[in-house]
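Contents: one structure, followed by commentary.
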Amino acid sequence: MSLTRTAEAAASRTANSRWLELLTRAGFVGYGIVHLLFAWLALQIAFGRSAADGDQSGALRTLA
């Protein structure tokens, strides 16, 4: 079997993988959640928190 056919077979198996599809979907959900968290923090800083809370040195502490 040639290298090209081996690669094609592997790509075909991967394209039909249910686990890969589920992992991809979970990744997109996680990506969306991270963006929602940042939007929530930005809105809290913009509308409800003092200017000191917008300091970059405290951003990771706020998330923790």
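The values are calculated or read from the model by the stated rules, or taken from the named source; none is laboratory data. Keep in mind it's a predicted model, so treat the numbers as computed, not measured. Areas reflect the complete protein model, heavy atoms only, side chains present, ligands, DNA and RNA absent. Shrake-Rupley method; radii C 1.70, N 1.55, O 1.52, S 1.80 Å.
Taking a temperature of 20 °C and a viscosity of 1.002 mPa s, what whole-number D in µm²/s does Stokes-Einstein yield for the range 1-49 with Rh from Kirkwood over alpha carbon pairs?
Translational D for this selection: 154 µm²/s.
Leaving out ligands, DNA and RNA but keeping every protein chain, what accessible area does Ile33 have, in Å² rounded to the nearest 10, with a 1.4 Å probe?
90
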